[in-house]
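Structure first, then comments.
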Amino acid sequence: MARASLLLQSPLKWLVQACLLGALIGLGVHVALGGPLWDPLKSVQIGVIFSLVMWGGFDLLHTPMERLPRHWSAARIGLFSVAWLLLLYLVLLALAVGLVRLTTGINFLHLRAILTFSALAGLAASGIIGLKETVEHHVRAERSLAQAEARASFLGLQAQLQPHTLFNALNTIAALIPQDPGLAEEATERLSALLRQILGALERPEWPLEDEFQLLLHLLRLEELRFGDRLTFDLRLDPAMAQVHVQPLLLLPLVENALKHGFRAKVGPCHLRVEAEAGRIRIEDDGVGRQPDAPEGVGLRTVRERLLATGGDLRWPVVERGCVVELRLP
């Protein structure tokens, strides 16, 4: 969730508030110092300049936490945020001092006491702004994670009764009953195993990656009965990642997406490969492919949000044939 900017959302409202705040600050400093070397009007003017520059600068160039690499540690993000805040403060202070000299002729560099007071006041205000940004960022992150978890639960419930999976399986079973009752019974058992594991997944906040791969195996073995010899698949899980915990039903929408959109319109053999190694998961199919600018549906967006909420990432590498999606686990 991006940080809202009052300056960009409502420029006129921001301008009025910034000018009023600057005027109050200017008069307050004028009274606190017992009347400096200039009249109250210039104090108001100086206050307005500082308010416009400092407030506007921090509002537009706030600490870019949302754009920092997700794999950075908390200590590294904190150090970068403090450095960014200090650098931004020094640049804005220099700009404000320059504008004051340009518009009023007052040179703060020759008034060391006033310059020191302004610098300390600005530094204190910057600290407050930084603390406010940090609290806002954590609140937004918590709310985003809560929303992603809620949508994930909905997705898991939806996956239980995913029409194109469940109905196709039932149709396959119905067609097999008169032709091969034994195979129809096997299909029923596979569907039962799939739904049973999905129900179990809904009760757990996370589970080992090997359980996720087991779920995919149940799904693909069921789809084998519908595709017949056309469908082949390869599930490769690095033993070192077998016990890595992930959110349940994380890969299911991606595999279903390949089956539905990649293979449904394809004539001939279809091959799906899912590989997990070195903290990454790659799902590759040789289906009809995916346009680079294709929108992500609810399922795919939910997978992306769940990954981002925990520090992972998802991307769609461009390939000459078929479709590839790569996940980086947190």
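The values are calculated or read from the model by the stated rules, or taken from the named source; none is laboratory data. This one's a predicted model, so the numbers in the text were calculated from it and none came from an experiment. In this analysis, Cβ positions are derived from the backbone assuming ideal geometry, glycine residues included, and neighbour counts consider all displayed protein chains.
What to note about this one:
- The residues of the stretch 261-292 that are under 19 Å from Leu235 (Cβ atoms), surrounded by 17 or more Cβ atoms within 10 Å (Cβ to Cβ) and not small (Gly, Ala, Ser), listed by number, are Phe263, Cys270, Leu272, Arg273, Val274, Ile281, Ile283, Glu284, Asp285, Asp286.
- Residue in the stretch 210-219 that is free of Cβ contacts under 8 Å to residues at least 24 places away in the same chain and either outside any helix (DSSP H, G or I) or out of contact with any Cys (no Cβ under 7 Å at 6 or more places or on another chain) (or both) present: yes
- Thr172 meets all of the listed conditions (1) part of a helix (DSSP H, G or I); (2) under 20 Å from Leu327 (Cα atoms) but one, namely (2).
- Filter result for Val324 (within 29 Å of Trp72 (Cβ to Cβ) and either surrounded by 20 or more Cβ atoms within 10 Å (Cβ to Cβ) or in contact with a strand residue (DSSP E or B) (Cβ under 9 Å, 6 or more places away or on another chain) (or both)): yes
- Checking each residue in the stretch 297-321 for being over 12 Å from the mean Cα position of the chain (by Cα), outside any helix (DSSP H, G or I) and either among the aromatic types (Phe, Trp, Tyr) or surrounded by 15 or more Cβ atoms within 10 Å (Cβ to Cβ) (or both) picks out only Trp316.
- Residue match in the stretch 174-196 (condition: touching a Pro at 6+ places or on another chain (Cβ under 8 Å) and of a type in the set (Ser, Thr, Tyr)): no
- Any hit, the stretch 63-85, residues being assigned to a loop (DSSP other than H, G, I, E, B) and among the polar types (S, T, N, Q): yes
- Selected residue (criterion: surrounded by the most Cβ atoms within 10 Å (Cβ to Cβ)) from residues of the stretch 224-256 that are within 23 Å of Arg301 (Cβ to Cβ) and over 21 Å from the mean Cα position of the chain (by Cα): Val255
- Ala193 meets the stated requirement of being surrounded by 15 or more Cβ atoms within 10 Å (Cβ to Cβ) and touching a His at 6+ places or on another chain (Cβ under 6 Å).
- Residue check for Thr103: under 16 Å from Phe50 (Cα atoms), in a helix (DSSP H, G or I), over 33 Å from the mean Cα position of the chain (by Cα) and at pLDDT 85 or above: yes
- The stretch 47-96, residues that are touching a residue at least 60 places away in the same chain (Cβ under 8 Å) and in contact with a His (Cβ under 9 Å, 6 or more places away or on another chain): Thr63, Met65, Glu66
- Any hit, the stretch 169-180, residues being closer than 15 Å to Pro253 by Cα and at pLDDT 80 or above: no
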